[in-house]
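Single-structure report; data block below.
None of the figures in this text is laboratory data; all of them are computed from the coordinates on show. In this text the structure is predicted, and so the values were computed from the model without any measurement. Ideal geometry is used to build each Cβ from the backbone, glycine not excepted, and the neighbour counts take in all protein chains shown.
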Amino acid sequence: MKRNLFIALSIVIIFAALLFIFRRQARELWFKMNPPQATRKVPSMIKSLPFKPEKRSRPRRNLLVSKLRDDQLYLPNLLFTPKDAPRGEYFQFSLVLQFDSKKKAKEWRERKALLENLIIEVGERFSYADLRTPDGRRLFKKALLRALKEKYGPEISDLWLTEYAFARIKGL
């Protein structure tokens, strides 16, 4: 009897020692055999507080669009590859057009694609080096306004380049 008790106690001690030594592997094995049950989601304390969370500042584009008048049209995210540009480089910009009347602006809102095509066509004539300088962008703006007035008449009175930047396609 004493001998059986000694053997059983030795086995338990050896088992406990092995569990202590290999506890990480034992834990993984245990959770594979008995996965934990889904726990109840605890509500956030911040949501239950009596104050309202601070509103985030609006992105610049939304601020610009909210300040436009009825006789202006916003063309966002136009892009083209300038002449002599390095491989993968392109010029990205947004544009605001000023029309003579609200009626003309409303008509052109429905036909934005025609304006965008002409703008990109004119932009592709300019060189990469010209568009990188302020004077080159000023010449681009003048040429663009001249081309728009020649093609669609004097109903477009002015334009502004906004949010312009050079970008590169990743991986090229």
Counting other C-beta atoms within 10 Å, which of GLU110, GLU150 has the fewest, and how do the rest follow? GLU110, GLU150
So how much slack lies between LYS102 and GLU28, counting 0.36 nm per residue of separation and subtracting their Cα-Cα distance, in nm? 19.7 nm
Treating only the Cβ atoms of Lys and Arg (+1) and Asp and Glu (-1) as charged, compute the dipole magnitude of region 60-168 about its Cα centre; round to the nearest 20 debye. 220 debye
Using per-residue counts of other Cβ atoms within 10 Å, averaged over each peptide, order 76-86, 128-138, 91-101, 10-20 from highest down. 91-101, 76-86, 128-138, 10-20
Residue among PHE91, LEU118, ALA143 farthest towards the positive dipole end of region 60-168, charges placed on Cβ: PHE91
If the reach is capped at under 18 angstrom between alpha carbons, list the aspartates and glutamates near LYS112, excluding any in the same chain fewer than eight residues apart. ASP70, ASP71, ASP100, GLU121, GLU150, GLU155, ASP158
